Amino acid sequence: MEHITISLPASRTLSGKALAGVVGSGDMEVLFTADQEKTLTIDITTSVDNSRARWEALFNRLSLVSELPSGKLVVHDFGATPGVARIRIEQVFEEVSYA
């Protein structure tokens, strides 16, 4: 298991919490808690060793196509593909934007 922490500047603020995915499903779970700090802090626990570059690339891509919200994002990854990871992350951001 690998633990990765990434901090990125956030360009929007939201309020609330959201959850997408299920750890026991065999892919991943994403939890997001919004705050007003102007930073998105991402804590990833993954079963895929040496995957920091993949996660950094995913969040760099996300920041290019949408504004990242401020808050804390917790990811429990058990071998999800990058496509599933992106969907789960976008789901929690969307859910909180409607809170």
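The values are calculated or read from the model by the stated rules, or taken from the named source; none is laboratory data. Worth saying up front: this structure is predicted, and the values here are computed from it rather than measured. Glycine gets a Cβ as well: all are built from the backbone with ideal geometry, and neighbour counts include every protein chain shown. Calculation scope for accessible area: heavy atoms of the full protein, side chains included, ligands and nucleic acids excluded. Shrake-Rupley method; radii C 1.70, N 1.55, O 1.52, S 1.80 Å.
Things to note:
- Other residues lying with their Cβ under 12 Å from the Cβ of A20 contribute a combined charge of -2, Lys and Arg counting +1, Asp and Glu -1.
- Cα-centred dipole magnitude for the chain, charges only on beta-carbon of K, R (+1) and D, E (-1), debye, nearest 20: 200
- Taking the DSSP beta bridges with both ends in the chain, the antiparallel portion is around 70 percent.
- Take the Cβ atoms of E56 and L19, set R0 to 35 Å, and the FRET efficiency comes out at 0.90.
- Over the chain, accessible surface divided per residue gives 52 Å², non-protein components excluded, 1.4 Å probe.
- Extended-chain gain in nm, criterion 0.36 nm per residue less alpha-carbon gap, T81 and L64: 4.1 nm
- As a calculated quantity, the FRET efficiency between K72 and S11 at R0 = 22 Å, using C-beta atoms, amounts to about 0.85.
- The local environment of H3, defined by Cβ-Cβ distances under 14 Å, has a net charge of -3 under the rule Lys, Arg +1 and Asp, Glu -1.
- Correct choice for Cα Rg over 2.2 N^0.38 Å that was computed from the model, options (i) 1.02; (ii) 1.15; (iii) 0.98: (iii)
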